[in-house]
Every structure is written in C-alpha cells, then in structure tokens.
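Asker: Structure incoming, see below.
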Amino acid sequence: MSPESIEKLRDAIRDVPDFPKPGIVFKDITPVLSDGALFRQSIDLFLERCQTHQIDKIVCIDARGFLFGSAVAYQLGIGLVLIRKKGKLPYKSERASYTLEYGKAEMEMHIDSVHPGERIVLIDDLLATGGTSFSAITLIKRVGGVLVEAQFLIELEFLKGRARLDPSPVVSFLKY
Ligand code: AMP
C-alpha cells in the first residue's frame, strides 16, 4: 500500500483525550470504519500481510479486532475464532487474565475453536501495553495453536507492548 494511503488512514484516526479515563488518549477508529475506501484499505493491510503466510485460522479480539479479523478470514476463506471478555462465550472456554492501559479483565476462548498444530494469525485494532494480546496468545498456545504473527492496525510504541509479547512476531501498520 502506498505511503499516501497509509497517511490518509492515519489522518482519519481521531484522538479522544481522557477517554475512557483521565490521562488516556483513545484512538477512535470509527472515522475509518464509516469511510468505505478507508475501511477497505485498513482491511487490505491485514489481508496483504496474511497472504504472505500459510495460515489456518484468524483469531481476533473482542470487540474491534472482530471488525478486521472477520473481513480477512472471509477473504481468505479460513476460519475465524473469537477471543471475548469473560462471560460472553456460551460453551466451555479457556480463560486468561490480563491488565490493560485502563483496567484489568479476563479473556476467554472456546476450548475447541483452535486445534493443536493450527497456524494462527492474531488480529486486533490496537497494541497498547500488550496485556490483552498476551492473554490471547496464552490462550492460543494453551490449546496447541501455533502463533504465526500478531497483527495490529495501530501500535502505541511508547507503551512497549511489543516487548511484552516478545518473542512472538508482531506487525503493526500505524505507529504512534
Ligand atoms: P493493551 O492490552 O494495553 O495492549 O490494550 C489493547 C486493547 O485495549 C485493544 O483491544 C484496544 O482496542 C484497547 N485499547 C487500549 N488502549 C487504547 C487506546 N489508547 N485507544 C483505543 N483502544 C485502546
């Protein structure tokens, strides 16, 4: 994708200061979603990267990760797995707890959604402290999945989430 297209995406992402708590600058992606061309470009970033790998499934994170993960899985014709906040999944689930930039929570994944040896790309909208994705990677590995790469539209580099995920491979398209 051209540097100009990447910059248009960057320009569309809106900073919302003090949301959801004082001191947090929230990266609001809804202006990207509501623009057809930009939404497609954001999905294409993930898609083009996924096409460089042999993968079996996309695992995506509640809730904005679903927006990108589902589109990529559809395009590739591969399965989609949801990692959700505690209490949302109906069937037997694995659970991992984590801390994030503005709170603490637990994530869950159905025990039978990833099979041993399956090659996985993890997708979320944003990498901040890495707590959420660390718990997602823990869940994927616990059931025997092979993490090929974790992909994010946005990375807040100053929060050092990438270091927290080390040695897992991390790719992000817009760095702040
Ligand atoms: P973390 O666990 O700290 O890496 O936080 C990542 C998760 O929290 C992602 O699912 C994001 O959607 C959300 N998140 C954390 N910080 C922000 C932020 N500043 N703006 C938007 N979303 C955020």
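The values are calculated or read from the model by the stated rules, or taken from the named source; none is laboratory data. Only a predicted model underlies this, so the values are computations on that prediction, with no experimental measurement involved. Cβ atoms come from the backbone with ideal geometry, glycine included; neighbour counts cover every protein chain shown.
Asker: So which residues in the stretch 123-145 are of a type in the set (A, V, I, L, M), within 22 Å of Y74 (Cβ to Cβ) and in a strand (DSSP E or B)?
Answerer: Residues of the stretch 123-145 that are of a type in the set (A, V, I, L, M), as a first pass: 123, 126-128, 136-137, 139-140, 143.
From what is left, the residues that are within 22 Å of Y74 (Cβ to Cβ) are 123, 126, 136, 140.
Result: I123, L126.
Asker: While we're here: Return yes or no: is T132 hydroxyl-bearing (S, T, Y) and under 30 Å from L38 (Cα atoms)? Let's see the steps before the verdict.
Answerer: Values: hydroxyl-bearing (S, T, Y): yes; under 30 Å from L38 (Cα atoms): yes.
Criteria met by T132.
Asker: Continuing with the same structure: Between K86, K104, which is in contact (Cβ under 8 Å) with a residue 12 or more places away in the chain, within 30 Å of F158 (Cα to Cα), within 16 Å of the ligand (Cβ to nearest atom) and surrounded by fewer than 20 Cβ atoms within 10 Å (Cβ to Cβ)?
Answerer: Values: K104 fails: in contact (Cβ under 8 Å) with a residue 12 or more places away in the chain.
Exactly one of K86, K104 is in contact (Cβ under 8 Å) with a residue 12 or more places away in the chain, within 30 Å of F158 (Cα to Cα), within 16 Å of the ligand (Cβ to nearest atom) and surrounded by fewer than 20 Cβ atoms within 10 Å (Cβ to Cβ), namely K86.
Asker: Could you grab the pairs with beta carbons closer than 9 Å, sequence gap of 6+ or different chains, first residue in the stretch 110-138 and at positive phi, second one in a loop (DSSP other than H, G, I, E, B) and away from the ligand (no atom under 12 Å from the Cβ)?
Answerer: G117/D56; G117/G144; G117/G145
Asker: Select from the stretch 22-66 the residues that are away from the ligand (no atom under 15 Å from the Cβ) and among the basic types (K, R) and write down the one among them that is surrounded by the most Cβ atoms within 10 Å (Cβ to Cβ).
Answerer: Looking at residues that are away from the ligand (no atom under 15 Å from the Cβ) and among the basic types (K, R), I get K57.
Asker: What is the one condition in (1) without any contact (Cβ under 8 Å) to a residue 24 or more places away in the chain; (2) small (G, A, S); (3) farther than 16 Å from A128 by Cα that G23 does not satisfy?
Answerer: (3)
Asker: So, one more: Given the residues E48, E4, which is the only one that is modelled with pLDDT under 95 and either among the charged types (D, E, K, R) or closer than 21 Å to A136 by Cβ (or both)? Talk me through it step by step, then tell me what you get.
Answerer: On the way: E48 fails: modelled with pLDDT under 95.
Unique residue meeting the criteria: E4.
Asker: Which of the residues that make up the stretch 112-132 are farther than 12 Å from V81 by Cβ and either in contact with a Cys (Cβ under 6 Å, 6 or more places away or on another chain) or near the ligand (Cβ under 6 Å from one of its atoms) (or both)? Break it down into steps so the answer makes sense when it comes.
Answerer: Let us first name the residues in the stretch 112-132 that are farther than 12 Å from V81 by Cβ, namely 116-117, 119, 124-132.
Scanning the stretch 112-132 gives D124, D125, L126, L127, A128, T129, G130, G131, T132.
Asker: Taking only the stretch 144-169 into account, find how many residues are in contact (Cβ under 8 Å) with a residue 40 or more places away in the chain and of a type in the set (S, T, N, Q).
Answerer: Initially, the stretch 144-169 is screened for residues in contact (Cβ under 8 Å) with a residue 40 or more places away in the chain, giving 145, 148-149, 151, 153-154, 156, 159.
Cutting the leftovers down to of a type in the set (S, T, N, Q) gives us 151.
Count: 1.
Asker: Considering every residue within the stretch 68-75, establish whether at least one is under 21 Å from H115 (Cα atoms), touching a strand residue (DSSP E or B) at 6+ places or on another chain (Cβ under 9 Å), crowded, with 20+ Cβ neighbours inside 10 Å and small (G, A, S). Spell out the reasoning first.
Answerer: So the first thing to find is which residues in the stretch 68-75 are under 21 Å from H115 (Cα atoms), and the list is 69-70, 72-74.
So of that shortlist, the ones also touching a strand residue (DSSP E or B) at 6+ places or on another chain (Cβ under 9 Å) come out as 69-70, 72-74.
After this cut, where a residue has to be crowded, with 20+ Cβ neighbours inside 10 Å as well, the list is 69, 72-73.
With the extra rule that they be small (G, A, S), the set shrinks to 69, 73.
Yes - at least one qualifying residue is present in the stretch 68-75.
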